[in-house]
1. Since A:Ser98 meets every condition but one in (1) out of contact with any strand residue (DSSP E or B) (no Cβ under 8 Å at 6 or more places or on another chain); (2) part of a helix (DSSP H, G or I); (3) within 13 Å of chain B (Cβ to nearest Cβ); (4) surrounded by 14 or more Cβ atoms within 10 Å (Cβ to Cβ), which condition does it not meet?
2. I'd like to know if region A:119-126 contains one or more residues that are at the interface with chain B (Cβ under 10 Å from one of its Cβ atoms), touching a strand residue (DSSP E or B) at 6+ places or on another chain (Cβ under 6 Å) and touching a residue at least 40 places away in the same chain (Cβ under 8 Å).
3. From A:Asn58, A:Asn70, which residue is more than 7 Å from every other protein chain (Cβ to nearest Cβ) and either closer than 17 Å to B:Glu56 by Cβ or surrounded by fewer than 19 Cβ atoms within 10 Å (Cβ to Cβ) (or both)?
4. So which of B:Gln60, B:Gln66 ends up being exposed (fewer than 11 other Cβ atoms within 10 Å of the Cβ), under 30 Å from A:Tyr64 (Cβ atoms) and not acidic (Asp, Glu)?
5. Do the conditions hold for A:Phe153, that is, is it more than 9 Å from every other protein chain (Cβ to nearest Cβ), among the hydrophobic types (A, V, I, L, M, F, W, C) and open to solvent by 10 Å² or more (accessible area, probe 1.4 Å)?
6. Which residues, counting only those in region A:108-150, are β-branched (Val, Ile, Thr), over 13 Å from A:Val78 (Cβ atoms) and either surrounded by fewer than 20 Cβ atoms within 10 Å (Cβ to Cβ) or in contact with a Phe, Trp or Tyr (Cβ under 8 Å, 6 or more places away or on another chain) (or both)?
7. Specify which of the listed residues (A:Gly140, A:Gly106) is more than 10 Å from every other protein chain (Cβ to nearest Cβ), touching a residue at least 24 places away in the same chain (Cβ under 8 Å) and within 14 Å of A:Ile3 (Cα to Cα).
Amino acid sequence: MKIKRDFSESNWNKTQTGDSPYPKKVASLLKESVIFNFPEGIPAFEDARRFIILLNENIKPFVYLKSLDNDDLGFVCVDPFLVCSKDYSIKIPAKDLSLLELKDSGSALILSMVTVDRDPKNTTTNLLAPIIINMDNLTGRQVILEENYPVRFRIWEGLEDMGKNKS
Amino acid sequence: MLILTRKSNESIIIGNNILIKVLKVQGNQVHIGIEAPRELSVYRQEIYEQIRKENENAVQANISSQDKIKQLEENLNNLKKLFSPPEEKPGDK
């Protein structure tokens with residue numbers, strides 16, 4: 001299954017939850033009360049099986065993915081299509097599709113983990129291993145793609161690139 | 001570590017449901033075929049390690065503490081400031 005979303009028309013840093021660019025099903029379940037199950041945890045944190053997504057107005061379009069099993073575990077995430085150029089697309093390997101029981105690409109929430117640095121130019125996101133959540137069964141996993149995408153992609157460079165493409 | 005010698009087209013069975021087959025040996029490259037139950041993930045080790053390491057780097061501990069949230073907001077807002085939409089760029093009239 002190949003997923004590509006075009007957010008080029010939406011203003012990335014003013015994305016409103018109200019006029020969300022996400023598919024309807026994804027947007028309707030993007031609430032703090034929804035618990036997502038990660039049956040295998042995520043690499044390096046295999047015991048963290050339940051997560052919630054915290055939506056904080058002040059950091060939009062970034063969100064927190066917070067573990068319910070470990071108080072000290074949380075990640076800043078962003079939809080990769082909001083911050084990188086048109087060349088990026090996600091081809092979910094068959095094995096991951098079957099583990100997620102994902103049948104409809106419109107049910108997929110895609111989040112890339114962000115490594116925040118004090119120097120904003122060094123804040124990166126992981127394009128090689130996005131987190132995919134199937135909103136139909138609230139199951140998620142970190143999917144390692146087979147393409148050669150960077151693990152540390154500078155968000156700033158991606159945004160600059162998108163800005164250039166626009167004009 | 002258990003060491004076994006295999007030729008092209010010879011296999012190894014692990015447990016009763018994992019099969020690893022040497023398909024082709026070419027110089028210093030070996031093509032390996034793997035048959036394993038679908039719930040087992042198979043990755044190239046260096047890529048898996050890279051993902052683990054980056055996940056550790058990305059952790060935001062104690063996200064519930066107010067100071068931490070403030071710091072995070074500031075860092076992300078600095079990033080947002082680097083990029084203003086084209087119509088708002090100074091001098092872009």
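1. All conditions pass for A:Ser98, except number (4).
2. Keep residues of region A:119-126 that are at the interface with chain B (Cβ under 10 Å from one of its Cβ atoms), which gives A:119-126.
From what is left, the residues that are touching a strand residue (DSSP E or B) at 6+ places or on another chain (Cβ under 6 Å) are A:124-126.
Those left that are additionally touching a residue at least 40 places away in the same chain (Cβ under 8 Å): A:125.
Yes, region A:119-126 contains at least one residue that is at the interface with chain B (Cβ under 10 Å from one of its Cβ atoms), touching a strand residue (DSSP E or B) at 6+ places or on another chain (Cβ under 6 Å) and touching a residue at least 40 places away in the same chain (Cβ under 8 Å).
3. Numbers: A:Asn58 fails: more than 7 Å from every other protein chain (Cβ to nearest Cβ).
Unique residue meeting the criteria: A:Asn70.
4. On the way: B:Gln60 fails: exposed (fewer than 11 other Cβ atoms within 10 Å of the Cβ).
Exactly one residue qualifies, and that residue is B:Gln66.
5. Details: more than 9 Å from every other protein chain (Cβ to nearest Cβ): yes; among the hydrophobic types (A, V, I, L, M, F, W, C): yes; open to solvent by 10 Å² or more (accessible area, probe 1.4 Å): yes.
Yes: the conditions hold for A:Phe153.
6. Of region A:108-150, the ones β-branched (Val, Ile, Thr) are A:110, A:114-116, A:123-125, A:131-133, A:139, A:143-144.
Restricting the remaining residues to those that are over 13 Å from A:Val78 (Cβ atoms) gives A:132-133, A:139, A:143-144.
Passing the criteria: A:Ile133, A:Thr139, A:Ile144.
7. On the way: A:Gly140 fails: within 14 Å of A:Ile3 (Cα to Cα).
The unique qualifying residue is A:Gly106.
The values are calculated or read from the model by the stated rules, or taken from the named source; none is laboratory data. Only a predicted model underlies this, so the values are computations on that prediction, with no experimental measurement involved. When we count neighbours, we look across all protein chains shown, and the Cβ atoms used for this are built from the backbone with ideal geometry, even at glycine. Surface areas here come from the heavy atoms of the whole protein model, side chains and all, with no ligands, DNA or RNA. Shrake-Rupley method; radii C 1.70, N 1.55, O 1.52, S 1.80 Å.
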